[in-house]
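> This structure is in structure tokens; I'll ask about it shortly.
Read the figures in this text as sums done on the coordinates, not as results from a lab. Quick caveat: nothing in here was measured; it's all calculated off a predicted structure. As a convention, Cβ positions derive from the backbone with ideal geometry for all residues, glycine included, and neighbour counts pool all protein chains shown.
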Amino acid sequence: MIQIQDLQKRFGKNEVLKGIDLEIPAGGIYAVLGPNGSGKTTLIKSVLGLVIPDKGSISLSGERIRNRWRYREALNYLPQIANFPGNIRVRELIGMIKDLRQKRSEEAALIELFRLQPFLDKKLSNLSGGTKQKVNLVLTFMFDSPLLILDEPTSGLDPASLLSLKKLIRKERENGKTLLVTTHILQFVEEIADQVIYLLEGKIYYQGTLSGLLEKTGQTDLEHAIAAITSEKQDA
Ligand SMILES: Nc1ncnc2c1ncn2[C@@H]1O[C@H](COP(=O)(O)OP(=O)(O)OP(=O)(O)O)[C@@H](O)[C@H]1O
């Protein structure tokens, strides 16, 4: 589904991606992990065409994405911070995004799942952070696309909404979708991820199953595995 070769990106003197090679087959949940500032969002934005790499290539379903934009019709993206104008009401925003994408959408079941009915006529500026995130999740999941890219989807969610999100993500996997998810919530990764992609200092430190990462680090849980990677780097 996604092929990345020798991807490099720097911002001024800051070399963020130092040659990323990645192959993500279609179907399944891929968790993109790594410390703050390790380049997870930069990697995701490169796939979305929102960051232009300095070097390397990215292909989606066998076609290079550079200078094309139509491929974006086949993916749904949840940004880490979605900045919609605060004076728009939730119902209007959903309508606007539907008009923009011109794709069949199924928002009603999602509004129900996240219990958003009481908020439909409220302005975004009057919503709590968690409720805004639920609205953003509706905007992301309401379209049927083969690839979903979710940047910190759990952000601000209460436990009940987190359960709803996990249910939703698993349903998408059952439907054969590919999900690329960044998160710092390790329990979430342990519960939903089929594969882990661990970014460290601009390179892929590990790609594979969670059990493979535990084996590589000699640990019994993800929290300790990540602590082991960090201290290994500090000692190096
Ligand atoms: N547009 C930009 N201009 C300059 N520097 C940037 C830009 N975008 C990202 N960076 C820098 O690139 C590095 C990687 O940032 P990025 O947001 O990709 O990390 P991340 O792994 O997603 O971090 P976090 O876990 O904190 O969300 C950081 O040092 C950041 O300051």
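> Let me confirm something: among L50, L78, which residue is within 16 Å of the ligand (Cβ to nearest atom) and free of Cβ contacts under 8 Å to residues at least 24 places away in the same chain?
L50
> Let me ask something else about it. Among the candidates D54, D21, single out the residue that is of a type outside the set (A, V, I, L, M), in contact with a strand residue (DSSP E or B) (Cβ under 9 Å, 6 or more places away or on another chain) and under 20 Å from Q207 (Cα atoms).
The unique qualifying residue is D21.
> Another question, if that's okay. Being of a type outside the set (F, W, Y), crowded, with 17+ Cβ neighbours inside 10 Å, farther than 24 Å from R173 by Cβ and within 23 Å of the chain's Cα centre (by Cα) is the filter here; which residues of the range 186-236 pass it?
Across the range 186-236, the qualifying residues are L200, G202, I229.
> Among the residues of the range 17-24, are any in contact with a helix residue (DSSP H, G or I) (Cβ under 9 Å, 6 or more places away or on another chain), farther than 28 Å from N175 by Cα and within 16 Å of the ligand (Cβ to nearest atom)?
yes
> Could you please let me know if Y206 is outside any helix (DSSP H, G or I), closer than 19 Å to G28 by Cα, among the hydroxyl-bearing types (S, T, Y) and touching a Lys or Arg at 6+ places or on another chain (Cβ under 7 Å)?
Judged against the criteria, Y206 is a match.
> Just for the range 110-144: of the residues that are loosely packed, with under 14 Cβ neighbours inside 10 Å and among the hydroxyl-bearing types (S, T, Y), which one is nearest to V32 (Cα to Cα)?
Top of the filtered list is S128.
> Of (1) of a type outside the set (S, T, Y); (2) away from the ligand (no atom under 11 Å from the Cβ); (3) under 24 Å from T230 (Cβ atoms); (4) not in a strand (DSSP E or B), G37 satisfies all except one. Which?
(2)
> Can you pull out every residue in the range 145-171 that is buried (at least 19 other Cβ atoms within 10 Å of the Cβ) and among the acidic types (D, E)?
Scanning the range 145-171 gives a single hit, D151.
> Hey, V32 hits all of (1) within 18 Å of the chain's Cα centre (by Cα); (2) assigned to a strand (DSSP E or B); (3) more than 10 Å from the ligand (Cβ to nearest atom) but one; which does it fall short on?
(3)
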